[in-house]
1. Does Leu67 fit the bill of being in contact with a strand residue (DSSP E or B) (Cβ under 9 Å, 6 or more places away or on another chain), under 17 Å from Thr200 (Cα atoms) and either open to solvent by 10 Å² or more (accessible area, probe 1.4 Å) or at pLDDT 90 or above (or both)?
2. Quick check on Gly95: is it part of a strand (DSSP E or B), at pLDDT 90 or above and surrounded by 14 or more Cβ atoms within 10 Å (Cβ to Cβ)?
Amino acid sequence: MFQDKPFSRLRADERIAKLDSLITFPESRILMRLRFFIVAVVGGLLGAAGLFHVPASASAVDVNCALGTQVGTYSPGMTLLPRHIDFHATGTLGGCVSPSHPEITGATFTSLVSGTFSCLAGSTTNTSTYHWNTGHSSTVRGGFEVNLKPGGTTVLVLTGTVVDGLFQGATVVQTKVLPATDLTACLTPQGLTSVSGTVTFTAVL
């Protein structure tokens, strides 16, 4: 029944039967059947492997700094109306905890932002550099957002990815809440030209 078919087009049972017809010793037939069975099982497992997705491991906080201060300047000042502004900030981080680098306790940093935003809202890009107490550094590129929260408080959020240095590949979030007293300057023609206060910093791999 399978004499005229190419071997590659035979069903599994037909292939075994054809192989059996070519082998005269029963022991050889058993070995051939066993080999065929192993090939079939391995092939099935490899084919099924593509149906399963192994979830990535959960994200882990690589460094968290609960204590920090920042001084920043806006040029020109930030008002209620959007306009192009250059923002430069410097600061320090303290109380840092890093499971992968327990020797880290703090850092100094600088942030450079240039874009269109106001005291009420806006987003643009930023570049920040962190110099850790260990002598290592991390360069972060990402976004800068101004968010007005209920109650009149404004939150400045620096987000991004470490593109160079320690913690490369980690996602960074640095948050600063502006005191309500600073926001009164947004009503003036010159706008809010400087801010200072506390910040928090987290890097997650």
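1. yes
2. no
The values are calculated or read from the model by the stated rules, or taken from the named source; none is laboratory data. These figures come from a predicted structure and were not determined experimentally. Please note: Cβ atoms are built from the backbone with ideal geometry, for glycine as well, and neighbour counts cover all protein chains shown. Just the protein is used for accessible areas: all its heavy atoms, side chains included, with ligands, DNA and RNA removed. Shrake-Rupley method; radii C 1.70, N 1.55, O 1.52, S 1.80 Å.
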